[in-house]
Amino acid sequence: MRYFRPVEFSIKALSPEAAKAGCVVVGVYPGGELTAAARRLDQASKGALKKAARDISGKTGSTLLLRALPGVAAERVLLVGLGDKDGAETAYRDAVRAAANALKELDAKDAALFLVDTKVASRPLSWNVRHAVLGLRDAFYRFDQLKSQKKTNRPALEHVVVPLSPKAELQNALQEATATADGVDLARTLGNLPANICTPGYLAEEARKLAREFKLELDVLERKDMEKLGMGSFLSVARASHQPPKLVVLKYEGKKGAKRLALVGKGITFDTGGISLKPAGEMDEMKFDMSGAGSVLGALRALAGMKAPVNVVGIIPACENMPGGAATKPGDVVTTLSGQTVEILNTDAEGRLILCDALSYAEQRFKPDAVIDIATLTGACVIALGNVATGLFANDQKLADEVRAAGDDAWDRVWQMPLWEDYQEQLRSNFADFANIGGRPGGAITAACFLARFTRKLRWAHLDIAGTAWKGGREKGSTGRPVPLLVRFALRHAGRK
């Protein structure tokens, strides 16, 4: 699914003064200190660049556009502030973003991005390449297919050259980043679509398109299939909706005989809260409650697109959570696929009710080496971590460390939260094996503790993306997180750094 033309990338060794491009992008530090590429331009222009650089502060994200610089083949030179020379990752990413925003306003069809040779902490050049591609693609993403009057001033930029020697390591980084950006775009677009379009059936159809394009194995379980299996918890959430629930199972086999990773993504395509109805304010944002499902499809699209040597199964329980005469009521007791019973004290704690059956299905059907579930699960996680870090919970510390390292590498960062048995007491029920909520204290933790009861035989991690899956306000829209983390984790887990 794509409704816009993405920028294309290539790697080629270039000299900045001889690059015949619509725009050459180089960096400058505070005080007018030039990077190596900028110094070569200054030398070619006989000091004209250094003189012009007096008008840029060099602070991170500052920009200055120069045209027709003497002795330089490119039509334009874009100076971008890099901030202090300590080389922090955030400064580099902000500089790339500033360059992208400036390039969007130009009539240049191609550009050479010399920012990639900037020293960024202890990161290798491959890291710079990946984050340059992801940053530019993120900035150029657009979602306007539902507007009757589409913008006519679409960015002119079509191609960006990464001016480095085309070594295999850097070519692999470019391929990975391009495929990851395609996966992020898919996840963002699915999240941005309204719930009257992006239904459970729509998610299943998108999985079907991916299966056809990349020759993946697909199985879509319908309500009758889930009833036969005994997924009483999942089906209790879908009872009042006119949209049939789906359990989407999409398999990518990139390496014969390799251990399998399972990704389980929450796919609530709209969450009213059910009988425990949400307040009206910002309820429209509950279309993003399927962001876990979108990230699973995005990650599989990325891994298949780069032909990654990994085996991954994506499992997506998809339904709506609606009120109505058939809706589950507070106090109802349901039986899960695992055989455990749950007293539903709050129907707005529905994500864990669909995930628990999907996790049990993953264990029983695939016996994976590791399982990661991804869910916009709790508002409590937003209160705890805000909109920067995703909440990480795990029953295996080695797995948690792997996820955290992948998040750091992808700059799609997580923060590990406790998953101690002490919190399980809050889920106590007088009428079932346990309840689906544990009260306000530690709400994100007790939600994870609920899921932990279904993963005791698994190496399992849970990502609560309620604070990171989308933005509100003027920038309202899906972020596509944590697709970069999931892709990096899958590759690193398979031995590729």
Quiz item: What about residue 95, is it touching a residue at least 60 places away in the same chain (Cβ under 8 Å), closer than 26 Å to residue 142 by Cα, open to solvent by less than 10 Å² (accessible area, probe 1.4 Å) and assigned to a loop (DSSP other than H, G, I, E, B)?
Solution: no
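Residue-wise test of (1) modelled with pLDDT under 95; (2) over 28 Å from residue 88 (Cβ atoms); (3) assigned to a helix (DSSP H, G or I).
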site: 2; (1), (2), (3): yes, yes, no
site: 16; (1), (2), (3): no, no, no
site: 25; (1), (2), (3): no, no, no
site: 39; (1), (2), (3): no, no, yes
site: 52; (1), (2), (3): yes, no, yes
site: 58; (1), (2), (3): yes, no, no
site: 61; (1), (2), (3): yes, no, no
site: 66; (1), (2), (3): no, no, no
Practice problem: Go through (1) β-branched (Val, Ile, Thr); (2) closer than 30 Å to residue 279 by Cα; (3) crowded, with 20+ Cβ neighbours inside 10 Å and name the single condition residue 388 misses. | Solution: (3)
Quiz item: Failed condition for residue 100, given (1) part of a loop (DSSP other than H, G, I, E, B); (2) open to solvent by less than 10 Å² (accessible area, probe 1.4 Å); (3) aliphatic (A, V, I, L, M), with all others met?
Solution: (1)
Quiz prompt | helices (runs of 4 or more DSSP H) completely within the range 212-320 that count 2 or more residues being touching a residue at least 24 places away in the same chain (Cβ under 8 Å) and buried (at least 24 other Cβ atoms within 10 Å of the Cβ) | solution = 232-238, 291-305
Quiz item: Would the range 457-464 turn up any residue that is closer than 24 Å to residue 406 by Cβ, in contact (Cβ under 8 Å) with a residue 24 or more places away in the chain, open to solvent by 10 Å² or more (accessible area, probe 1.4 Å) and of a type in the set (Gly, Ala, Ser)?
Solution: no
Quiz prompt | Subset of the range 2-61 [under 22 Å from residue 173 (Cα atoms) and charged (D, E, K, R)] | solution = 5, 8, 12
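Give the residue, chosen from 177, 181, 173, 111, that is under 20 Å from residue 37 (Cα atoms), open to solvent by less than 30 Å² (accessible area, probe 1.4 Å) and either assigned to a loop (DSSP other than H, G, I, E, B) or small (Gly, Ala, Ser) (or both).
None of the other options fit; the residue is 111.
The values are calculated or read from the model by the stated rules, or taken from the named source; none is laboratory data. What you see is a predicted model, and the numbers here were worked out from it, not measured in a lab. Heads up, the Cβs are rebuilt from the backbone with ideal geometry, glycines too, and the neighbour counts pull from every protein chain shown. The area values use the complete protein model at the heavy-atom level, side chains included, leaving out ligands, DNA and RNA. Shrake-Rupley method; radii C 1.70, N 1.55, O 1.52, S 1.80 Å.
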